[in-house]
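Participant: So that we are looking at the same thing, I have put the structure below in structure tokens.
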Amino acid sequence: MTVTVTAEDHLATGDSINEQLNAGISLDAAATQLGITPKWATKLAWLSRTFTAADREKIGAENLARLRITHLEAIAGQLEHLRVPLLTTAAEERLSVRDLRKRAAGLRGRRQVADRATEMVERSGGPDAMRSTERALTRYARMPKDQLLRIYTGKSGPYIVGVIRAAHQLEARITQEGGEMPSVPPHNINPI
């Protein structure tokens with residue numbers, strides 16, 4: 001009968017190697033004592049440090065018993081907050097390593113799309129864009145009436161109205177979410 005070594009078993013071996021390393025025993029000596037190659041010992045020690053005791057508790061002993069070392073290796077390079085959910089899902093859904101890698105790649109892809117969207121918002125709605133909008137609106141507010149009406153009834157009018165409407169919506173949302181409107185320094189307040 002062949003005994004299958006689980007992820008939990010490998011992590012325990014990695015813990016043992018790390019304990020020996022912390023006690024001053026060389027990696028080669030620890031590997032020799034366990035009857036494994038130094039390369040394998042390095043991998044097990046690394047996985048043991050990557051998947052902490054707290055991570056293992058969250059994954060659960062039953063789930064770790066369903067996983068293999070290849071599952072751990074496939075996920076070790078993921079962002080820390082994704083590792084536990086991915087391994088838990090892999091165990092519960094009995095995912096192959098290939099399917100687990102696909103799932104992880106999908107999460108990475110969604111994360112990259114979200115990061116690009118955030119970058120775009122920061123670029124188009126970041127401090128520089130906000131300062132530019134604020135300066136334009138301040139200039140409009142200071143203009144003589146006839147000049148302001150020309151701009152307002154021209155091509156810029158709908159955009160001015162849109163900015164004002166969006167600012168009111170944002171103010172309402174901030175208030176709804178429990179935030180407070182920041183006070184505007186006196187030098188930014190300009191009478192019309």
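Participant: Given the criteria small (Gly, Ala, Ser) and free of Cβ contacts under 8 Å to residues at least 24 places away in the same chain, does GLY77 qualify?
Facilitator: When the stated conditions are applied, GLY77 passes them.
Participant: Looking only at helices (runs of 4 or more DSSP H) that lie completely in segment 1-56, which have at least 3 residues being under 17 Å from ARG68 (Cα atoms) and in contact with a Leu (Cβ under 7 Å, 6 or more places away or on another chain)?
Facilitator: Passing ranges, in order: 7-22, 38-50.
Participant: Can you tell me which residues in segment 6-40 are open to solvent by 70 Å² or more (accessible area, probe 1.4 Å) and either touching a residue at least 60 places away in the same chain (Cβ under 8 Å) or aromatic (Phe, Trp, Tyr) (or both)?
Facilitator: Selection gives TRP40 alone.
The values are calculated or read from the model by the stated rules, or taken from the named source; none is laboratory data. Only a predicted model underlies this, so the values are computations on that prediction, with no experimental measurement involved. Note: ideal-geometry Cβ built from the backbone for every residue, glycine included; neighbour counts use all protein chains shown. SASA here: full protein model, heavy atoms, side chains in, ligands and nucleic acids out. Shrake-Rupley method; radii C 1.70, N 1.55, O 1.52, S 1.80 Å.
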